[in-house]
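Everything below concerns the one structure shown next.
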Amino acid sequence: MKKSFITALAISSCTAFLLLSGCGDSASAVSDSSEVSGQLVDSYVENADYTCGDGSKGLTDVNGTFKCKALPVAFRLGGLKLGEITSLATDKQVFPQELLGLKRTDLNNSDVRAMARLLQSCDDDNNSGNGLRIQERVKTAFVTQEDFNASNLDAYATDANLTLISDEDALEHLTQTTELIDAVNDATDLPLEIGTAILTPQSDLSQELKNTLSYMGNEERLAFDVYNKLYEKYPLPQLTNIAQKSERVHIETVQLLVQKYISSFADFTNLDLDPLSYKDTAVTAMVPGVYDISVIQELYNVLIEKGMQSEIDALQVGCMVEVTDINDLDGDIALAKESNADDITVAFEFLRDGSYSHYWAFNTGLVNKGVANGCCSMGDFYCKTKEEYPQDARSQH
C-alpha cells in the first residue's frame, strides 16, 4: 500500500510435499520408504558427501538435498564422518543435532555447537545465511577416516586451514535456522510452495528490499484489520472470508520473510518500524488498528471512516485496498527480481495473486448490491479488466 495508497485516495523443491507436514522432531519419523529424500541443514549444506544404505553415494546440492533408495544415510566431509541417520523427521530436515543422535531442541549441547562451528567455518564465502557450501579443499584435507569428535575441533581447523567462527555466532545461526524451519512447519495454512521458497538459502538483498520487507509487516496487517473492523458493522461474506482465510496467511508469509532476513535494527533503515517484535507476535495477539508507521495509521483511519458509511462504501474500500496493494506489489516484485531474490519473488507473487482474486470478490459484491460497474464505479484508477487482473490467478486464495 505504501505512500501510493495515500495518493490514490486523494484522487520449491524436491521435498516440498513434506516440508510442512510435521514439527521436525525425530519423534515423528519416517523410516520406511521406497526413496529417502531430505535436506542437510544449518542453512542448507551443499557439497557434503553422503552414503546411502544400499552403498550408493552422492553430494548434497545447493538446497542440501540428498536422495537415497534406503536408510541409513551417513554424511561426511571427505574422510570425516559427521554422523548417520536411521530415520527422518517428518519435515525431512537433518540438523547437526540429528546427526549426533540428539533432539532438535538440544541446541546447547557442546557437541552440537562444535559441529555447527565446523560446518559454518567451512563455508566458501563466510556467509552462513545464504547457505553453507563446503569448500573442496576442506574435504581434501580430511583424509583420515574418523568420526566427528568435538574435542578435536581445533585439530580439524588446523588440518583444513580454517578460521573457526565463534561459538556464540555459530549457536545464534543454528538457532535462527531451527526456529525458522519450526515456524514454517507451524504455519499449517501456508501453501507448500511458499514454505519451500522461504526455506531456501538467503538471497543478497538490497537495503531497499530489506526496508520493503519491514514495511510490509504493517502493510499486510492493515487489510486484515480493515476488513475485520468493517465486518463488525456489515457482515458481508467478502470481508470475513478474505480477512480470515487469506489476509491472515498473507501476514504470516511476511512474518516468515522478516524472520528469515531481519535480525536487528542494523538490517534496515526504516526506523519507524520494529520488525523484531512483529515477527515474534501471533496474528491473533496483534492490536488491531495500531501501527508503527504513521502513514499506515492515517490510512487505516481514512479507510474505516469511509467504510463505515454504508455496505457499498465498505466494498469500495476493498477495491481501493486491493488495487493499491497490487500496484505496490508490482514494484516490489521488480525489486526482488533485481536482487535475484527468488524466495521473495515467489512470496510477493503469491500475495499479488491473492489480491487479484480479492479484487474480483469485492467487484462481484458491488454488482450484487446494484452497482452495475462494480469497482469501476470509483473511477479509472480502480477499474480493471480480467486481462490486467487474472481472475483465476489464485482461484482458491
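Bear in mind that the values in this text are calculations on the coordinates, not laboratory data. Computed from a prediction, not measured in an experiment: that's the story for all the values here. In this analysis, Cβ positions are derived from the backbone assuming ideal geometry, glycine residues included, and neighbour counts consider all displayed protein chains.
Inter-label distance, E338 to Q309: 3.7 nm, where each label sits 7 Å from its Cα along the C-beta direction.
When the pairs K92/K210; K69/K92; K81/K139; K92/K245; K233/K384 are compared against a 18 Å limit on Cα-Cα distance, K92/K210; K92/K245; K233/K384 fall above it.
Label zone (N130, point 7 Å along Cα-to-C-beta; backbone nitrogen cut-off 18 Å) within the range 327-342: 335-342.
Here's the picture: a label point sits 7 Å out from the Cα of K69 along the beta-carbon direction, and within the range 37-63 the residues with their amide nitrogen under 12 Å of it are 52-57.
For the chain, what does the helix formula give at 222 nm: sum of -39500 (n - 2.57) over DSSP H segments with n ≥ 4, over the residue count, nearest 500 deg cm²/dmol?
So the helix-based figure for the chain works out to -15000 deg cm²/dmol.
Calculated on the alpha-carbon coordinates, the convex hull of the chain measures out at 142 cubic angstrom per residue.
Each of M115, M378 was scored by other Cβ atoms within 10 Å of its Cβ. Arranged with the fewest first, they read M378, M115. The modelled label-to-label distance between K57 and V143, using points 7 Å beyond Cα along the C-beta direction, is 1.7 nm.
Among the trypsin sites (Lys or Arg not before Pro) found in the range 361-392, those both in a DSSP coil and sparsely packed, with 11 or fewer other Cβ atoms within 10 Å of their Cβ, are K386. Here the Karplus curve 6.51 cos²θ - 1.76 cosθ + 1.60, taken at θ = phi - 60°, turns the phi angles of the range 299-314 into couplings of 5, 4, 4, 5, 5, 5, 4, 5, x, 6, 6, 5, 4, 4, 4, 4 Hz, with x standing for Gly and Pro. The Cα atoms of the range 28-186 give a gyration tensor whose axes a ≥ b ≥ c have a/c of 1.5 or more with a/b no greater than b/c, which makes the shape oblate. Choose one of L164, S43, A89: the residue whose Cα lies farthest towards the positive end of the charge dipole of the range 28-186 (beta-carbon charges +1 Lys, Arg; -1 Asp, Glu; about the Cα centre). Among L164, S43, A89, the one farthest towards the positive end of the dipole of the range 28-186 is A89. Using only side-chain charges placed at the Cβ, +1 for Lys and Arg and -1 for Asp and Glu, the dipole size of the chain relative to its Cα centre rounds to 720 debye.
Evaluating 6.51 cos²θ - 1.76 cosθ + 1.60 at θ = phi - 60° for every residue in the range 98-115, the Karplus couplings come out as 6, 4, 9, x, 10, 6, 4, 7, 7, 6, 8, 4, 5, 5, 4, 5, 5, 5 Hz, glycine and proline recorded as x.
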